[in-house]
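Scroll down for the structure; my scribbles are underneath it.
The values are calculated or read from the model by the stated rules, or taken from the named source; none is laboratory data. Not measured: the values here are computed from a predicted model. Cβ: placed from backbone, ideal geometry, glycine included. Neighbour counts: every protein chain shown. Note: areas computed on protein heavy atoms with side chains; ligands, DNA, RNA excluded. Shrake-Rupley method; radii C 1.70, N 1.55, O 1.52, S 1.80 Å.
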Amino acid sequence: MENFRFMREVTELLTARYGRWACGWDWSIHNGGPVGAWCCDAHSVGEAEETAARVVDCVLEWRDWLEDTAERFERLAPPPGADAEDRSWHLERAATRLVTAVVDRTQAEAGWYGLAETTLAWFLSSTGLGPEDAEKAVDAAIGGRFKSWAAPTPTLLDAVGEALAVSLTGRGSYRER
């Protein structure tokens with residue numbers, strides 16, 4: 001419990017100083033997150049200076065993930081005024097590329113799909129969909145098909161991307177033409 005208190009206090013300190021974005025600083029790859037510098041409390045918390053340096057590394061790594069993800073969102077977003085067919089194409093493409101980026105970053109460790117779900121929901125929110133609707137759309141598209149310690153096959157990635165796009169646009173795959 002002492003380590004949980006430590007984590008909570010560090011998170012409170014970081015968010016007070018830098019803002020809410022710092023909340024994920026300790027989302028370890030071992031727990032499905034993008035941060036490799038943090039393992040777990042038992043292995044990552046040690047002497048004060050060593051632990052402080054590790055926390056800094058984690059904050060920088062988390063920030064890098066957020067900035068990289070934001071850039072991906074900009075590149076993958078449907079253009080303003082896109083019709084349903086173009087929007088569907090962009091959403092399908094974004095879903096497969098974002099999930100692939102998550103798999104690469106997390107090495108498909110335990111619970112990696114949680115970051116995939118979060119990333120897709122953030123992406124949809126960035127395109128104007130409300131947060132609750134984004135989460136529902138992602139949950140429906142993935143439907144429990146992603147598993148820990150197993151990278152999705154290209155066929156599964158395509159199916160999830162298509163399901164997400166169709167559910168949000170009502171348009172079938174561009175491959176149907």
(request) Enumerate by residue number the GluC sites (Glu not before Pro) in the range 26-76 meeting two conditions: DSSP loop (anything except H, G, I, E, B), and at most 12 other Cβ atoms within 10 Å of the site's Cβ. (result) GLU47
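Per residue, how many Å² of accessible area does the range 62-161 show with a 1.4 Å probe? Could you put the intermediate results ahead of the total?
On the way: 4910 Å² over 100 residues.
On a per-residue basis, the range 62-161 sits at 49 Å².
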(message) Using only the alpha-carbon atoms, how far is helix 131-142 inclined from the longest principal axis of the chain? Give it as 0 to 90 degrees, nearest 10.
(response) 70 degrees
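Using a 1.4 Å probe on the protein chains only, how many percent of the accessible area of the range 10-57 belongs to carbon and sulfur? The partial results should precede the final answer.
On the way: 1470 of 2720 Å².
That fraction is 54 percent.
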(message) Counting only protein heavy atoms and a 1.4 Å probe, tell me what percentage of the range 123-163's accessible area is made up of carbon and sulfur.
(response) 56 percent
(request) With a ≥ b ≥ c taken as the square roots of the eigenvalues of the C-alpha gyration tensor of the range 7-66, please select rounded if a/c is under 1.5 and otherwise prolate if a/b is larger than b/c or oblate if it is not? (result) oblate
(message) Given the DSSP H assignment, sum -39500 (n - 2.57) over each helix run of at least 4 residues in the chain and divide by its residue total; what's the result at 222 nm in deg cm²/dmol, nearest 500?
(response) -22000 deg cm²/dmol
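For ASP86 and CYS39 in one chain, what is 0.36 nm times their gap in residues minus the Cα-Cα distance, to one decimal in nm?
This chain segment gains 12.8 nm when fully extended.
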(message) From Cα pairs below 8 angstrom and at least 6 apart in sequence, can you work out the relative contact order of the range 12-80, rounded to a whole percent?
(response) 27 percent
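Below 8 Å, C-alpha to C-alpha, sequence gap of six or more: please give me the relative contact order for the chain in percent. Walk me through the numbers on the way to the answer.
Details: 224 pairs, mean separation 38.6, N = 177.
Relative CO of the chain lands at 22 percent.
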(message) For P(r) over Cα pairs in 10 Å bins from 0, in percent, one of (1) 7, 16, 17, 12, 8, 7, 7, 8, 8, 6, 4, 1, 0; (2) 10, 35, 31, 17, 6, 1, 0; (3) 8, 26, 24, 17, 13, 8, 3, 0 was computed from the structure I shared and the rest are decoys. Which label?
(response) (2)
(request) For the range 92-118 and the range 1-60, write down the distance between their C-alpha centroids in whole Å. (result) 21 Å
(message) Please compute the modelled spin-label separation between SER148 and ASP133, points set 7 Å along Cα→Cβ, answer in nm with one decimal.
(response) 3.4 nm
(request) Figure the gain on full extension for THR51 and ARG17 (residue separation times 0.36 nm, minus the Cα-Cα span) and round it to one decimal in nm. (result) 10.4 nm
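ASP139: net charge of surrounding residues, Cβ under 12 Å, Lys/Arg +1, Asp/Glu -1, itself excluded?
Details: positive: LYS136, ARG145; negative: GLU117, GLU132, ASP133, GLU135.
Around ASP139, the charge tally is -2.
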(request) Indicate the gyration tensor shape class of the range 73-133 (rounded, prolate or oblate), computed on the Cα atoms with a ≥ b ≥ c the square roots of the eigenvalues: a/c under 1.5 is rounded; otherwise a/b larger than b/c is prolate and the rest oblate. (result) prolate
